[in-house]
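Participant: One structure, as structure tokens, below. Some questions next.
The values are calculated or read from the model by the stated rules, or taken from the named source; none is laboratory data. Keep in mind that what you see is a predicted model, and the values were worked out from it rather than measured. No Cβ is skipped: glycine too gets one built from the backbone with ideal geometry, and neighbour counts run over all protein chains shown. For accessibility, only protein heavy atoms count, side chains too; no ligands or nucleic acids. Shrake-Rupley method; radii C 1.70, N 1.55, O 1.52, S 1.80 Å.
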Amino acid sequence: MTTDSELRDRVARLEARAEIFDCVQRYARGIDRRDRELLRSAYHDDAVDDHVGFVGPVEDFIDWALAYHSTQPRHQHYLLNHTAEVDGDEAHAETYYLFVGTDREPANHMTISGGRYLDRMERRDGRWAIVDRVCVAEWIADSTNLISDEVLALLTGIKGAAHDRSDPSYDRPLSATRAAANS
């Protein structure tokens, strides 16, 4: 039989794991929407990021990452397998990622890469955030002209994705009332 204390410990562990994954998701959404405030919320003030070509404090990392992604009209970070080892107010998390992005120059150049985010996180004042991150890129593939001109025209002609707060994901309340593309 589970005691009240054991049940409280289990719930606390599950809550911590959910909050840790929420933090990693804030990172991905923040970088994809180029939402500096949201991206910044995934890190504590003294955080350091070692991120495939960049190692340094969080503010410098965010400047570097946003500048890099500004050269890509389309990009997405997908979060996959996730584990978190929680020990009180400290945790170590590993999250697999898949990144897909297209560059302006050369036109239609696509990069796809996969790897893992290794994070040491801390809960401070009730908030889980990254203290140290090491991004381990395990593979990368790229190609030019994977996107046909017809598909590119379709993607750029539809009101939709934006890398800022005009993206529909910020609409509150969300309304599915826009005109159909074929109208």
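Participant: Among the residues of the stretch 45-56, write down those that are open to solvent by 10 Å² or more (accessible area, probe 1.4 Å) and either in a helix (DSSP H, G or I) or touching a strand residue (DSSP E or B) at 6+ places or on another chain (Cβ under 6 Å) (or both).
Facilitator: Answer for the stretch 45-56, where residues must be open to solvent by 10 Å² or more (accessible area, probe 1.4 Å) and either in a helix (DSSP H, G or I) or touching a strand residue (DSSP E or B) at 6+ places or on another chain (Cβ under 6 Å) (or both): 48, 50, 51, 52.
Participant: Additional query: The conditions are (1) open to solvent by less than 70 Å² (accessible area, probe 1.4 Å); (2) touching a Pro at 6+ places or on another chain (Cβ under 9 Å); (3) within 25 Å of residue 139 (Cβ to Cβ), and residue 104 fails exactly one of them. Which is it?
Facilitator: Result: residue 104 passes all but (1).
Participant: Is there any pair with a first residue in the stretch 111-139 that is over 17 Å from residue 55 (Cα atoms) and open to solvent by 10 Å² or more (accessible area, probe 1.4 Å) and a second that is assigned to a strand (DSSP E or B) and of a type in the set (Val, Ile, Thr) whose Cβ atoms are under 8 Å apart and which are 6 or more apart or on different chains, and what are they?
Facilitator: Matching pairs, first to second residue: 111/100; 111/102; 111/140; 112/100; 112/140; 113/140; 122/131.
Participant: Can I ask one more? Do we find a residue being within 21 Å of residue 164 (Cβ to Cβ), open to solvent by less than 70 Å² (accessible area, probe 1.4 Å) and at pLDDT below 90 anywhere in the stretch 76-89?
Facilitator: No: zero hits.
Participant: Restricting the stretch 23-44 to residues that are hydrophobic (A, V, I, L, M, F, W, C) and assigned to a helix (DSSP H, G or I), which is nearest to residue 78 (Cα to Cα)? Quick ask: steps written out before the conclusion?
Facilitator: To start, the set of residues in the stretch 23-44 that are hydrophobic (A, V, I, L, M, F, W, C) comprises 23-24, 28, 31, 38-39, 42.
Imposing the further condition that a residue be assigned to a helix (DSSP H, G or I) reduces the set to 23-24, 28, 31, 38-39.
Values: 23: 14, 24: 11, 28: 7, 31: 11, 38: 17, 39: 15 Å.
Here the residue is 28.
Participant: Something else: Out of all the residues in the stretch 63-72, is one or more touching a Gly at 6+ places or on another chain (Cβ under 8 Å) and in a strand (DSSP E or B)?
Facilitator: no
Participant: Moving to a separate point now. Starting from the stretch 15-42, take each residue that is within 20 Å of residue 167 (Cα to Cα) and list its partners that are open to solvent by 70 Å² or more (accessible area, probe 1.4 Å) and in a helix (DSSP H, G or I), counting only C-beta distances under 7 angstrom and pairs at least six apart or across chains.
Facilitator: 38/29
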